[in-house]
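The values are calculated or read from the model by the stated rules, or taken from the named source; none is laboratory data. Model, not experiment: these values are computed from the prediction. Here the Cβ positions follow ideal geometry from the backbone for every residue, glycine too, while neighbour counts run over all protein chains shown. These area figures cover heavy atoms from the full protein model, side chains too; ligands, DNA and RNA do not enter into them. Shrake-Rupley method; radii C 1.70, N 1.55, O 1.52, S 1.80 Å.
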Amino acid sequence: GRINIGTTALGGAAECLELAADHISSRKQFGRTLDQFQYLRFKIADMATELTAARLLVFQAAEMYDEKHPARTMHCAMAKRFATDVGFNICNNSLQMHGGYGYIKEYSPERYLRDVRVHQILEGTNEIMKHIISRSVLGE
């Protein structure tokens, strides 16, 4: 269900974060590796932070689901929506950090971006997840 979709998206995102970190650590521009540029360092930090936050939200939703918590439907919708959006953004940032290589099929970010994008649609689109969340928050 939704927790599985969120978890799958985060698996792709985790791989893309690692690929991006490896790439910017080895690719040189202007006489230095890309990991020496503050903008890319901050991007990596944001990606890692968002990945961790999404994982924690998915873990919480899974626990609530297992315990049959009354708010589990809303929390599973939150986890699915947030995890798939974060997963897509991390994969997209990884592709961007790879530059033109990111679009080549021999490089993984291109594939992960395609794979993770569909997770924003499966098990209910993220717009539907927002509808579920807002109905619960508004007591409907």
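Observations, loosely collected:
Conditions tested, residue by residue: (1) at pLDDT below 95; (2) closer than 29 Å to K28 by Cβ; (3) open to solvent by 50 Å² or more (accessible area, probe 1.4 Å).
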| residue | (1), (2), (3) |
| --- | --- |
| F59 | no, no, yes |
| A62 | no, no, no |
| E67 | no, no, yes |
| T73 | no, no, yes |
| N89 | no, yes, yes |
| N93 | no, yes, no |
| Y107 | yes, yes, yes |
| R111 | yes, yes, yes |
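- Residues of the stretch 45-56 that are open to solvent by less than 40 Å² (accessible area, probe 1.4 Å) and not small (G, A, S): M47, L51.
- Cross-chain or 6+ apart pairs with Cβ under 6 Å, the stretch 114-130 first and over 13 Å from N4 (Cα atoms) and open to solvent by less than 50 Å² (accessible area, probe 1.4 Å), then charged (D, E, K, R) and part of a helix (DSSP H, G or I): N126/R81; M129/K80; M129/R81
- All positions within the stretch 99-122 that are charged (D, E, K, R), in a helix (DSSP H, G or I) and more than 13 Å from F88 (Cβ to Cβ): E110, R111
- The numbered conditions (1) out of contact with any Pro (no Cβ under 8 Å at 6 or more places or on another chain); (2) of a type outside the set (G, A, S); (3) assigned to a helix (DSSP H, G or I) are all true for L19 except (1).
- Residue within the stretch 78-100 that is within 29 Å of Y39 (Cα to Cα), touching a residue at least 24 places away in the same chain (Cβ under 8 Å) and among the hydroxyl-bearing types (S, T, Y) present: yes
Listed here are the residues, each with its yes/no results for (1) open to solvent by less than 30 Å² (accessible area, probe 1.4 Å); (2) aromatic (F, W, Y); (3) over 12 Å from V86 (Cα atoms); (4) modelled with pLDDT of 95 or more.
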residue: R2; (1), (2), (3), (4): no, no, yes, yes
residue: A20; (1), (2), (3), (4): yes, no, yes, yes
residue: Q29; (1), (2), (3), (4): no, no, yes, no
residue: K43; (1), (2), (3), (4): no, no, yes, yes
